Amino acid sequence: MATPSYQSKTAKFTMIGIVFLYFTVFIILPIGGMFAGAFAKGLPAFWRELTRPEAVHAISLTFIITAIVTVLNAVFGTVLAILLVRHHFPGAALLKGIVDLPFAVSPVIAGFMLILLYGPKGLLGVFFDAWGIKIVYALPGMILATLFVTLPFVVKEVSLVLQEIGTEQEQAATILGAGPWRTFWRITLPGIRWGLLYGITLTVARSLGEFGAVLVVSGNIINRTQTATMDIYQAYSDYNELGSYAVAALLAIISFAILFSLELIKKKKEAASNGN
């Protein structure tokens, strides 16, 4: 009869084997295949595909959207998190539900909703068209779509940290005569910095890889509204597998760097929490 310790070790190694098998089949092999395809014809061919005019424009546009969305999310996400955690007001529950909405709604549906709202015949689209401002099938619509799908990340991470650190230090600063802005810069911001960085990193990763919502509102116009993920799709559809692999490999390299940064920030965040 097997001893409990033997059964425990068997179960442990079985679970480890299942996990490694899962990662090998669904993550390691696909990533390895992608990099093998990207460098199948050598580094010069890889570089040539990355420097295609349409690829350069798509990658540049992706970085522009990511930068704008990250800054907006960092500012408004922090403000919204403080509002939800530190203040009680009518409609707070509804606002929290709206923050969670991107987790429940498909990005494609989100893009379609933006078209209904900001399209040429939409409620707000008619107003903006009258002023000559194009939202849908242009950069503003792509930014709005990316903002929608990345909305929860900064808000969620900062909210968790705000709940952890409590209000004692902020109250002490107020008692000592510090105003709201001074309290924020000297007490609140240093306390939430690792949660904010974690949320920003998640926002960057999600912005770089967004496809569905941006595809719907952009129209996927080459050299105009095509992002990196859409260029991958377009190149593969045009039987340019090397081109799609090259851009995908670039995004994967950036993703690995983001993943590494996430782990560092996570450790810093946990250390800060334990310190408190």
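Here, each number is a calculation from the coordinates, and none is a lab measurement. Because the structure is a prediction, the values reported are computed rather than measured. Note that each Cβ is placed from the backbone with ideal geometry, even for glycine, and that neighbours are counted across all protein chains shown.
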Say R0 is 22 Å: what FRET efficiency, to the nearest 0.05, do residue 255 and residue 35 get from their beta-carbon distance?
-> 0.95
Can you give the relative contact order of the stretch 11-128 as a percent, counting alpha carbon pairs under 8 Å and 6+ residues apart?
-> 6 percent
Percent relative contact order of the chain, based on C-alpha pairs within less than 8 angstrom and at least six residues apart?
-> 29 percent
With the chain treated as a Gaussian network of Cα nodes joined by springs under 10 Å, which of 35, 112, 89 yields the largest mean-square fluctuation?
-> 89
Rounded to the nearest 0.05, what FRET efficiency do residue 28 and residue 109 give with R0 = 30 Å and r taken as the Cβ-Cβ distance? Could you check?
-> 0.40
Given R₀ = 25 Å, FRET efficiency for residue 266-residue 13 by Cβ-Cβ distance, to 0.05?
-> 0.35
Can you sort 129, 238 by how many other beta carbons sit within 10 Å, fewest first?
-> 238, 129
